[in-house]
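The structure appears below as structure tokens.
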Amino acid sequence: MSPKIPVYLLKTKSSAGDHYEEKFSTPDGNGSEYDPEFVPVLEHQFDDQGMAKVRGILKNKQIGRTEGKQYGGMIFTSQRAVEAFTKLVEEGRGEDNWPFLQDIPVYSVGPATTRALKAVPQVPALQVFGEHTGNGETLAPYILDHYRAWYKDRESVPALLFLVGDKRRDTIPEVLTGAGWQLDEVVIYGTGEMKSFRDDFSQRLQTTADRPRRWVVVFSPSGCDSMLSALDLLDESSGKAKPKEPNRSTYIATIGPTTRDHLIHSFGYEPEVSAEQPSPEGVWNAITSYRTLE
């Protein structure tokens with residue numbers, strides 16, 4: 001039997017059962033088996049100032065459908081923002097008139113963020129929309145249509161609250177504010193590359209150096225330089241990727257177009273595949289389809 005194909009998932013493993021691990025622990029139907037392994041790249045810290053601001057908004061019940069509320073809906077594009085929000089929600093449980101968020105639309109960029117939002121401890125649950133969009137470019141116009149319809153009885157739609165990290169793209173704000181809407185961004189967490197990532201990844205790569213094939217799945221632009229360096233794919237003098245070796249055994253997949261484009265534009269490296277949908281199934285399909293084309 002051929003050895004399992006290592007799949008290095010450059011992310012922190014989800015605590016409540018990770019769907020990437022489940023997906024890549026299943027044979028692909030073509031005689032190949034995979035060995036998924038998580039290598040955390042990023043570390044996150046809650047932003048005290050942002051947390052205090054959102055805590056005040058929740059405490060004063062300024063999010064709701066009725067007239068006079070400061071916000072009529074919320075937007076999330078990362079699981080980390082949901083984690084920070086969940087912490088604040090849990091702090092407010094047991095207070096009078098809680099919960100009070102069930103009558104507003106909550107917009108999510110993809111499956112993982114949606115699962116996290118649906119797990120927020122509130123009964124009835126949050127009403128989450130946009131899971132199918134997959135990225136900010138698609139989510140933004142969806143919000144324009146959906147939010148207008150949600151508040152069709154108003155002359156103008158109420159402001160939206162967008163909880164973000166310190167590193168984010170401007171796509172959604174540009175589209176919504178360009179339409180004349182009020183969108184308030186609150187930085188609720190900060191992100192940085194783990195100091196130990198490069199050495200940790202290098203050590204793990206050594207254990208599979210003799211494998212005929214292995215995959216690296218990249219989930220964020222952060223850490224791409226350390227990833228390429230650990231794979232000995234980065235020319236340290238130019239900061240660009242080395243030319244691909246024709247007999248290489250390591251292949252790179254990205255979670256979506258943002259990370260793919262970052263690798264191309266910043267390092268001149270084009271990954272072998274990029275998932276059409278930012279999900280375990282999307283990454284799985286991209287990798288297995290690439291193999292069948294070879």
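Do the conditions hold for Asp28, that is, is it of a type outside the set (S, T, N, Q) and open to solvent by less than 30 Å² (accessible area, probe 1.4 Å)? Answer is yes for this residue.
Would you call Tyr189 touching a His at 6+ places or on another chain (Cβ under 7 Å) and either in a strand (DSSP E or B) or open to solvent by 40 Å² or more (accessible area, probe 1.4 Å) (or both)? So Tyr189 fits the description; yes. Can you tell me how many residues within segment 193-205 are in a strand (DSSP E or B) and surrounded by fewer than 14 Cβ atoms within 10 Å (Cβ to Cβ)? Qualifying residue count, segment 193-205: 0.
Checking each residue in segment 13-25 for being without any contact (Cβ under 8 Å) to a residue 40 or more places away in the chain and either open to solvent by 80 Å² or more (accessible area, probe 1.4 Å) or over 26 Å from Ala81 (Cβ atoms) (or both) picks out Lys13, Ser15, Ser25.
Just one of the listed residues (Pro278, Pro271, Pro212) is in a loop (DSSP other than H, G, I, E, B) and over 19 Å from the mean Cα position of the chain (by Cα), namely Pro212.
Residues in segment 68-96 that are at pLDDT 90 or above, small (Gly, Ala, Ser) and within 26 Å of Gly192 (Cα to Cα): Ala81, Ala84.
Name the single residue that is modelled with the highest pLDDT among those in segment 97-120 being over 20 Å from Arg168 (Cα atoms), open to solvent by 10 Å² or more (accessible area, probe 1.4 Å) and hydrophobic (A, V, I, L, M, F, W, C). Looking at the filtered set, the residue picked out is Ala119. Gly180 fulfils the conditions (1) open to solvent by 40 Å² or more (accessible area, probe 1.4 Å); (2) under 30 Å from Tyr147 (Cα atoms); (3) part of a helix (DSSP H, G or I); (4) of a type outside the set (D, E, K, R) except for a single criterion, (3).
Could you tell me whether Tyr8 is of a type in the set (Phe, Trp, Tyr), outside any strand (DSSP E or B) and surrounded by 18 or more Cβ atoms within 10 Å (Cβ to Cβ)? Answer is no for this residue. When residues in segment 221-243 are screened for being open to solvent by 30 Å² or more (accessible area, probe 1.4 Å) and in contact (Cβ under 8 Å) with a residue 60 or more places away in the chain, 1 of them pass.
Each residue in segment 244-258 was checked for being closer than 19 Å to Arg214 by Cα and either open to solvent by 50 Å² or more (accessible area, probe 1.4 Å) or touching a strand residue (DSSP E or B) at 6+ places or on another chain (Cβ under 6 Å) (or both), and 10 pass.
Taken together, the residues in segment 123-141 that are in contact (Cβ under 8 Å) with a residue 24 or more places away in the chain and in contact with a Phe, Trp or Tyr (Cβ under 8 Å, 6 or more places away or on another chain) amount to 3.
Within segment 31-59, being of a type outside the set (A, V, I, L, M, F, W, C), open to solvent by less than 70 Å² (accessible area, probe 1.4 Å) and in a helix (DSSP H, G or I) holds for Gly50, Gly56. A single entry from Glu131, Glu155 fulfils the requirement of being within 22 Å of the chain's Cα centre (by Cα), assigned by the TED database to the domain that holds Tyr71 and more than 20 Å from Arg55 (Cβ to Cβ): Glu131.
The values are calculated or read from the model by the stated rules, or taken from the named source; none is laboratory data. It should be emphasised that the depicted structure is a prediction, and the values quoted were computed from it without experimental measurement. Glycine also receives a Cβ, built like all others from the backbone with ideal geometry; neighbour counts cover every protein chain displayed. Please note that ligands, DNA and RNA were not included when accessible areas were found on the heavy atoms of the full protein model with its side chains. Shrake-Rupley method; radii C 1.70, N 1.55, O 1.52, S 1.80 Å.
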